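Presented below is the structure to which this report refers.
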């Protein structure tokens, strides 16, 4: 269990959610040093969002998903306690006490 030290609000409420084998177009790369390794992608059905390069088999400006992926973020408040289920390039996939799951920046954790 880890404590939230800084609140976070969802920035992308309609984040991309794609399945293994899906092809996506890579539109840009994250430039913030602590978040490098993320790319902004668009799926064939128009969904957009940040995907970790670790989930992708990149071929030029397109990529194929190696695993199912959900870019869902979650709101958190300071002093909240959460489970960190995984970490990727400066972000953590967490589970809140109410079992809600999603991404938040690691900098928001104690």
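Rounded, prolate or oblate, given the Cα gyration tensor of segment 17-70, with a/c below 1.5 counting as rounded? Please list the in-between numbers first.
Details: a/c = 1.62, a/b = 1.51, b/c = 1.08.
Cα axes put segment 17-70 in the prolate bin.
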Mark the label point 7 Å from the Cα of residue 83 along Cα→Cβ and return the residues of segment 1-34 whose backbone N is within less than 11 Å of it. 1
Taking a ≥ b ≥ c as the square roots of the Cα gyration tensor eigenvalues, with a/c under 1.5 meaning rounded and otherwise prolate when a/b beats b/c, else oblate, which class fits the chain? prolate
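Quick one: grab the alpha carbon gyration tensor of segment 60-110, order the square roots of its eigenvalues as a ≥ b ≥ c, and give me rounded if a/c is under 1.5, else prolate or oblate depending on whether a/b is larger than b/c.
Details: a/c = 2.84, a/b = 2.01, b/c = 1.41.
Since a/c reaches 1.5 and a/b is larger than b/c, the shape of segment 60-110 is classed as prolate.
If we sort 25-34, 47-56 on the protection proxy, mean other Cβ atoms within 10 Å, highest first, what's the order?
Ranked from most to least packed, the peptides come out as 47-56, 25-34.
By how many nm would the segment from residue 1 to residue 101 lengthen if fully extended, with 0.36 nm per residue of separation less the alpha-carbon distance? All intermediate terms of the calculation are to be shown ahead of the outcome.
On the way: separation 100, 0.36 × 100 = 36.00 nm, distance 1.39 nm.
Gain on stretching residue 1 to residue 101: 34.6 nm.
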Computed over segment 1-76, the relative contact order (Cα-Cα under 8 Å, seq sep at least six) in percent reads 41 percent
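We did not get these values from a lab; they are worked out from the coordinates using the rules stated. These numbers come from a predicted model, not from an experiment. Backbone-built Cβ (ideal geometry, glycine too); neighbour counts: all protein chains shown.
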